[in-house]
Amino acid sequence: MVGMVRGLVWLFAFAMGVVGCGDLPDSQLVIERRILAARPWVVDALEPTAAGARDRAEALPLETLQIDPLWVGPNGVIPSDDVDAIWIACELTLGAAPFTCLSERFGDLTLDDLPACVVDDPDAPPSSPRQVPSPCLLERTGAPSFTVPLSTGILAGADLELTVVTGDPDGTSTEACADALLAGEWDPPSDCIYGVQVVPVGPKPTLLAAAQAAGLVPDDVALPPADDPDTHPRITSFRVTVLDDDGEAVGEAREVARGEIVDVPRGTTLRIDTTSPQADLQKFSVVVNDGASAEEREESYTGQWFRTWGSQLATASLSPESYNEWTLDPDGDDPELPEDGLAHLYYVVRDARHGVAWWWFTARVVP
Amino acid sequence: MNMHFASRTNVRYRGLAVAVALALPVAAEAAEPPAPGAAAVPEGLTAPELETPQSLVYPPELAAAEQPPSGTILVAFVVATDGSTKEATIVQSLHPELDAAALDAVARLHYRPATYAGNAVEVSLQMAIEVTPPPRPEPEPGSGAAPEAAVPTPTPTPEPAAAAPTPVRIRGTVREAGVRAPLRGAIVTAMPAGELPIGKVPFRKRRPPSDVPAWTVQSTTDDAGHFSLAGVPDGRTRVAILTPGFERLDYVLEVHGGEVTEVTWFQVRMNTNPYRTEVLTEAETMPEITRHAVEREEIQRIPGTNGDALRSVQNLPGMARAAFGGGDLIIRGAAPGDSVVYLGGHEIPALFHFGGLTSVFNSDLVARIDYLPGNFDGRYGDATGGAVSVTTRRGRRDGHHSAVDVDVFDAGALVEGPVGKGSFALSARRSYIDAILPAILPRDGGLRFTAAPRYWDYQAQIDYPLWGGTLTARAFGSDDRTVLLFAEQNEDGDDLRSQFETRQWFHRADLAYERRWGRWSAMISPSYRRDSFQQRVVEIFDFDIVTDRLSVRGEVARTVGKRSELRVGTELVNDWISADVASPPPPGDTTGGRGGGNAVAGGLNDQLIRKVDDYRGRPALYGSFRIGLHDRVTLTPSVRLTYYSAPTNRVAFEPRLRFEADATKTTRITAGAGIFSQGPQLVQNDAVFGNPDLRPENALHTSIGVEQKLRGDWSISGTGFYKHLWSLVSTSPDEIERGGQRVPERYDNAGIGRVYGGEFMVRKALGGKLFGWASYTISRSEVQGRPGQSWALFDYDQTHILTLIASYKLPRNWQIGTRFRLTSGNPTTPVAHGVTQLYDGVGLALPGPYNGDRMRTFHQLDLRIDKTWTMRRVRLHTYLDIQNVYNAKNPEMRIYSWNFKKSTSINSLPIIPSIGLKLEW
């Protein structure tokens, strides 16, 4: 309650204009290497995937996931293979908040102590729990894949927490960044990059049914209604229109392919319209009173816009049919246009669960 | 009521203190208070009776002067329980030598002491002594006797010697200007007008006659302010009206033969009104180790508070500064939620509109506020911090009165008056921020209001004498609402995910019946309250909680012997809670136990949803036995037993002991120790969001203090305190077995804490032209979230808190006041790096040592100017309150860049001038 009151005071202070955020860098301006999102998706399912089905964002135990991160920098998207990253998996306790799994062990860990994420008893039959150490190291690559373990915690409903660490090729090493984090340092080298991703294991009703079948859950426990697996949304259209000084469209909008480069005169304002299908938004159940009942909810889109140069009308979008404006002119303290004349725009859309999709294109700014 | 006064009476007179400012010849009988907020004299008070009149000897040298001085000397003094007089001071001076003679005369007076419920009590009196030089007699050879004053004794002024059964010639009423209340005890004296013209005598011409008047006729106003002057000769007559605490009034009028002249005169209350008409009922004088009370007039004039009663408490020792000028009551390093606020004997759910804008209860209806920073009596419970008790006042019975007040935030109205043998008061207020704020916010600022902030509140109270006691019926409530929309410029609709909505309201109805008979007194008060808290934060948090509370308080007390008193009471609190909450899981233990934690938000399906209808009961029994071991030593053991119903299902046993001693007539020493318990918060022991197995938190309070009364209204006090806290609710990372299942524990009782420090105060009480205080608190408040963790500063620790307040009354009803505050910055957890939450794109801080840093030192100067215009039938009061006069940039919190590598500060409120006016009639 006190926190809410303080929140109200903050809001009032904001409303009174006493909040000064102008000193902080623009979060939407990409001027250094960053990781904007990660997309875990099932590449090896227990059951065949129907043709045309969207990628699943949550996996069942023993299914294999691929993690595709979106690494970006001032010079555009960075291929995952070019990033030396360490991925640490950790099994969240039931109901725990993300990042608590690893952070609660800070100070007790070093990188060298972390075991690899392999089944502790590879000879155990596939039907028995296949424990994996927690936390553990995934394969050292920019975009790892791994198989979801079949542990008692997972069967009880726990999710997986993935922490990614990378350093700077010209600065602090990835190992040093990881050691600083695991040591619990609160001021690790500033060029280290850290991210955390939650990989949901489910659908939970399916998992609970499996646990009941395995005798881990009493038979008299009522199973919640089955849910469809959480899937990733799509961006089905990404259109760009040139606007004149009055904000009127000049010519027709045209579809821009992911990663496409378009020539744009300096000072031009581009209107970008995106479409993520309403049909991709799923309905899902949320348990009430610790599982006594369930409520149905529906996903919703939240889009984030990033740029390496120029200015943008909005930082976020909330609707399936979303738009933004990108003016190819320096904004305030923005850095100078790179010598190659390329400016990049990134769009990341999430569905309020674990689904994510992204798009980007490049403007070659013509004097 | 000032602190000094309370201490004196509490110690010496077994908790029964009556201070009544009266002017002879008005006897100290139960009288309606002359000022709003002055409590009525309790029934059972017997006024002191003068036994030995004395004469004031007019100094012969002065009498021999060419123009010997004459006029009124006003003397304030205290009639002690042995009938002697003491602490005599000149309130209205005439001449140094005459003043000295008046003090000498008063010192020789002896009374039969005032009594209350059979016990002698101290009474503060004022006496108006009319002094005229003696006629110049023909000197008798050999006589060296000094002449005596024309009004040689301070006994009631007799009717004129020539008071034959003559007809009344002047009849009238004396009322207080502005509020029209009848003035009792005004001395109305008629005398020849001399050369003065008909009409009101201007101040500059208000010289006393150079010679002894040829005749005088005098009368004193009764309860209704009526007077009559008989035997006044025809012709122009000068009438002087003298009332202690009011400006003298002189009129010249024409008296014609056979006619009765009817008049109504209005006297203006003096800016430096020496009245302190304050009556403490027995129930309110339970001795406390440290108790600070703020008088109404002080409340209304403290700079930086906009005259708000509860905000004035924030300036007392031990009270830390609340961030952003908010209304948090941070007492001795404790969280606001660890302290309790009572109004009319029952807790209130919200103190302030929007967390600190202005209090939810009209300050004009507050009689007094007791601030108890620790070691308080067993009647207050479920708090490990401090307590604040607000006492409302009764409506006035001296006529119907109204007031309208307007300031930059809201406007309100108050109506009060007599109803039968009782009184009523009605008040209401509504803000108009909702009309102003949207107009001044930039349209493209990304922030707009669907429903702009607005609040309203109301209060109603009826007091009625019934069956020898007093029945009070009270109803009040409050409602706050706002809906904010953080809209991007590419968004057209009002998406709930961009919305911050909050609505909080409560309504409360109380009944209270109090009665005294002989050595017994009793009180019972049932109260029903319904409150609601609704909040939606960008679809992540969604709260809808409605609580019905029925609480009953009852007390019985009996005086034992001359110096002791036994009191037992009960407080039954029953809450029926209906909650519909959706929220992310509570924060993990990433920063260490109590008070920390990152704001970690998951996706929609990570939300915890709770729909529950629950009951929480908290019946308590308490008792105290105040034992007067000696005239100067009091020991008060007390105990409180509180049962916390399911899911806590535990009894808290809270023994407490307090000690007071008057080392000298002006020095008081206090000490105390006691156990204080507090149940877990609703969310903490909830079956889904928390841990239903939590126990109550506990604290041991210890303190020792000394208070020294200085000359005049000055006093100095100091208190050292140490608090040890244990079983504090702390976030837990563990999983536990509950009901045969592994579940996250979320919270446990592993935390401990300690608070220690000292509070010092130098105070000039209200009474003259100057009032104010300097308070300084040095303290440290630390917490250890889990065993093995290092001690860390608690969120509300402020090492140094210095508050200087001074207010000075200028001529012509101007008043100027200032407040300066210098406090340590609030603790903050340093952050230099962050982790990107890839599932929602939001940054998560990597926190440094918990509260390992501080914000910069806070300093602020506030200024307040008041001006009052008093007309015959109305009074207009205006003020200009400027907060943060020199616009200091005081950082309150840090906000960070997306990656937490850079930060900037959010400053406290900038310079804010505020204007208000109040019209009374």
**OP:** Determine whether the stretch A:238-245 contains at least one residue that is among the acidic types (Asp, Glu), in contact with a Pro (Cβ under 9 Å, 6 or more places away or on another chain), farther than 25 Å from residue A:73 by Cβ and surrounded by fewer than 19 Cβ atoms within 10 Å (Cβ to Cβ).
**Re:** no
**OP:** Select from the stretch B:314-330 the residues that are in a strand (DSSP E or B) and within 14 Å of another protein chain (Cβ to nearest Cβ) and write down the one among them that is farthest from residue B:527 (Cα to Cα).
**Re:** B:320
Subject >> Residues that are more than 17 Å from the chain's Cα centre (by Cα) and at the interface with chain B (Cβ under 10 Å from one of its Cβ atoms), drawn from the stretch A:31-73 >> reply: A:32
Original post:
Is there a residue in the stretch B:775-790 that is within 30 Å of residue B:633 (Cα to Cα) and out of contact with any Gly (no Cβ under 7 Å at 6 or more places or on another chain)?
Top reply: yes
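How many residues does the stretch B:905-921 contain that are in a strand (DSSP E or B), farther than 20 Å from residue B:795 by Cα and not hydrophobic (A, V, I, L, M, F, W, C)?
Residues meeting the conditions: 5.
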Original post:
Only one of (1) within 15 Å of residue B:728 (Cβ to Cβ); (2) crowded, with 17+ Cβ neighbours inside 10 Å is not met by residue B:700, so which one is it?
Top reply: (2)
Original post:
Only one residue in A:351, A:280 is in contact with a helix residue (DSSP H, G or I) (Cβ under 9 Å, 6 or more places away or on another chain), modelled with pLDDT of 90 or more and among the acidic types (Asp, Glu), so which one is that?
Top reply: A:351
Subject >> Residues within the stretch B:612-626 that are more than 19 Å from residue B:384 (Cα to Cα), hydrophobic (A, V, I, L, M, F, W, C) and buried (at least 16 other Cβ atoms within 10 Å of the Cβ), tallied >> reply: 1
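Of the residues B:712, B:718, only one is of a type in the set (Gly, Ala, Ser) and either assigned to a strand (DSSP E or B) or touching a Gly at 6+ places or on another chain (Cβ under 6 Å) (or both); which? Reasoning before the result, please.
On the way: B:712 fails: either assigned to a strand (DSSP E or B) or touching a Gly at 6+ places or on another chain (Cβ under 6 Å) (or both).
So the residue among B:712, B:718 that is of a type in the set (Gly, Ala, Ser) and either assigned to a strand (DSSP E or B) or touching a Gly at 6+ places or on another chain (Cβ under 6 Å) (or both) is B:718.
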**OP:** Answer yes if at least one residue in the stretch B:349-368 is in contact (Cβ under 8 Å) with a residue 40 or more places away in the chain, surrounded by fewer than 20 Cβ atoms within 10 Å (Cβ to Cβ) and on the phi > 0 side of the Ramachandran plot, and no otherwise.
**Re:** no
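Out of all the residues in the stretch B:779-801, is one or more within 30 Å of residue B:870 (Cα to Cα) and among the polar types (S, T, N, Q)?
Quick first cut of the stretch B:779-801, residues within 30 Å of residue B:870 (Cα to Cα) only: none.
No, that holds for no residue.
Given the structure, is residue B:424 surrounded by 18 or more Cβ atoms within 10 Å (Cβ to Cβ), at pLDDT 90 or above and under 19 Å from the mean Cα position of the chain (by Cα)?
Working: surrounded by 18 or more Cβ atoms within 10 Å (Cβ to Cβ): yes; at pLDDT 90 or above: yes; under 19 Å from the mean Cα position of the chain (by Cα): no.
In short, no.
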**OP:** Return a yes/no flag: does the stretch B:864-883 have any residue that is free of Cβ contacts under 8 Å to residues at least 40 places away in the same chain and out of contact with any Asp or Glu (no Cβ under 9 Å at 6 or more places or on another chain).
**Re:** no
Original post:
Do we have residue A:37 as in a strand (DSSP E or B) and small (Gly, Ala, Ser) here?
Top reply: yes
**OP:** Look through the stretch B:541-575, keep the residues that are buried (at least 19 other Cβ atoms within 10 Å of the Cβ) and within 14 Å of another protein chain (Cβ to nearest Cβ), and return whichever of them is farthest from residue A:297 (Cα to Cα).
**Re:** B:547
Original post:
Taking residue B:188 and the conditions (1) part of a loop (DSSP other than H, G, I, E, B); (2) at pLDDT 80 or above, which numbered condition does it fall short on, given that it satisfies the others?
Top reply: (1)
Original post:
What number of residues within the stretch B:886-921 are among the charged types (D, E, K, R) and within 30 Å of residue B:873 (Cβ to Cβ)?
Top reply: 2
Original post:
When residue B:717 is evaluated against the numbered criteria (1) within 13 Å of chain A (Cβ to nearest Cβ); (2) within 24 Å of the chain's Cα centre (by Cα); (3) not hydrophobic (A, V, I, L, M, F, W, C), which criterion, by number, is the only one it fails?
Top reply: (1)
**OP:** Would you list the strands (runs of 3 or more DSSP E) that sit entirely within the stretch B:775-891 and hold 3 or more residues that are under 30 Å from residue A:57 (Cα atoms)?
**Re:** B:831-837, B:842-847
**OP:** Would you be able to say whether some residue in the stretch A:197-220 is crowded, with 17+ Cβ neighbours inside 10 Å, in contact with a Phe, Trp or Tyr (Cβ under 8 Å, 6 or more places away or on another chain) and within 13 Å of chain B (Cβ to nearest Cβ)?
**Re:** yes
Original post:
Among the numbered criteria (1) touching a strand residue (DSSP E or B) at 6+ places or on another chain (Cβ under 6 Å); (2) under 30 Å from residue B:87 (Cα atoms), which single criterion is violated by residue B:703?
Top reply: (2)
Original post:
Tell me, which residue of the stretch B:902-915 that is within 7 Å of another protein chain (Cβ to nearest Cβ) and surrounded by fewer than 18 Cβ atoms within 10 Å (Cβ to Cβ) is farthest from residue A:191 (Cα to Cα)?
Top reply: B:910
Subject >> Any hit, the stretch B:343-361, residues being over 28 Å from residue B:573 (Cα atoms), in a loop (DSSP other than H, G, I, E, B), at pLDDT 75 or above and β-branched (Val, Ile, Thr) >> reply: no
Original post:
Which members of the stretch B:741-772 meet the condition of being in contact (Cβ under 8 Å) with a residue 40 or more places away in the chain, farther than 26 Å from residue B:854 by Cα and of a type in the set (A, V, I, L, M, F, W, C)?
Top reply: B:762, B:765, B:766, B:771
Original post:
Within the stretch B:707-756, restricting attention to residues that are of a type in the set (Lys, Arg) and closer than 25 Å to residue B:584 by Cα, which residue is surrounded by the most Cβ atoms within 10 Å (Cβ to Cβ)?
Top reply: B:746
Original post:
Which one is nearest to the chain's Cα centre (by Cα), of the residues in the stretch B:49-89 that are in contact (Cβ under 8 Å) with a residue 40 or more places away in the chain and in a helix (DSSP H, G or I)?
Top reply: B:62
**OP:** Evaluate the stretch A:249-272: report whether one residue or more is surrounded by 13 or more Cβ atoms within 10 Å (Cβ to Cβ) and within 12 Å of chain B (Cβ to nearest Cβ).
**Re:** yes
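The values are calculated or read from the model by the stated rules, or taken from the named source; none is laboratory data. What you see is a predicted model, and the numbers here were worked out from it, not measured in a lab. Cβ sites come from the backbone with ideal geometry, for glycine too, and all protein chains shown count toward neighbours.
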